[in-house]
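Accompanying notes for the structure given below.
Any read-out appearing in this document is the output of simple, stated calculations on the displayed coordinates, not a laboratory observation. Note that this is a predicted model, so its numbers are computed, not measured. Here the Cβ is made from the backbone with ideal geometry for all residues, glycine too, and neighbour counts use every protein chain on show.
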Amino acid sequence: MTLSALIRLRQVLPAAVYAKLLSSFWRRHWRREQDRETLKHGRPAPNLVNSERAVLCEAVARQFPFSNVLELGSGFGQTFDTIAPLFPTAYFVGIDVDAERVERARELAEISKLGNTEFIAADAADLSRFSSNKFDLVISSAALLFLDPSQLRAALVESARVGSGTMLFLEQHEAGAGLGYVTEVNDTRGPYWIRDWISVTAEAIPGAEVRVEKIKNPLWTTECWQDLGCLVEIRL
């Protein structure tokens, strides 16, 4: 059974039965992904359950059904390479300021035969090319931490405009950090921002509901993911 078909049974199955089926689906899925990466890299891949990738993917699945998804800072297209095949009826749009990364993302989508993705060179702080309420879901994976406070505020305000429901961000959260401080601790990609996402959201999108969930099995070793990696869920 496909994931989308299983999710559509959510309303007709007893809650305990649905939860058991969904849990079984994800165990099998992440084991297959682990085996695929082991084969690809020629060495044992780590357990992906409760990792950054798994947490974001499963959070997206909880929002289904949806038609259009926007990713801020889509990089080389890795997020959609994981998520888009699971939802073939949805359309995924990724934006990134780096044109070279956009081209690489397009190449990966072509290799993976993903016909439901599109990648555009654009700035997360300026989504004027998109109409209001265009996307059912706005997501981002380890990208917004590189925006300074003014850029981030613009990105959140714009995301709230083009989105019609929920935002899901893999980010770093530190309670009490306020609007953030810049650091380079354990980093290979340059300076980045540590923030209190509850404070940041309240300032940029008053009235939005925010939930922060710690990543249980962080695998990323750059920046401070091992200590501060979280899923930030913002409901408009």
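How large is the helix-only mean residue ellipticity at 222 nm for the chain, computed as the sum of -39500 (n - 2.57) over DSSP H runs with n ≥ 4, divided by its residue count, in deg cm²/dmol to the nearest 500? Dividing the helical sum by the residues of the chain leaves -11500 deg cm²/dmol.
Computed 3J(HN,Hα) for region 221-236, one whole-Hz value per residue from the Karplus formula 6.51 cos²θ - 1.76 cosθ + 1.60 where θ = phi - 60°, is 10, 7, 6, 10, 4, 4, 9, 10, x, 9, 9, 9, 10, 10, 10, 7, glycine and proline marked x. Close lysine pairs were tallied over the chain: pairs 8 or more places apart or on different chains with Cα atoms under 26 Å apart number 5. Computed from the C-beta positions of residue 99 and residue 185, the FRET efficiency with R₀ = 35 Å rounds to 0.75.
Counting other Cβ atoms within 10 Å as a rough exposure proxy, the listed residues 40, 214, 134 run 40, 214, 134 from fewest neighbours to most. Shape class for region 1-150, computed from the alpha carbon gyration tensor (a ≥ b ≥ c): oblate, with a/c not under 1.5 and a/b at or below b/c.
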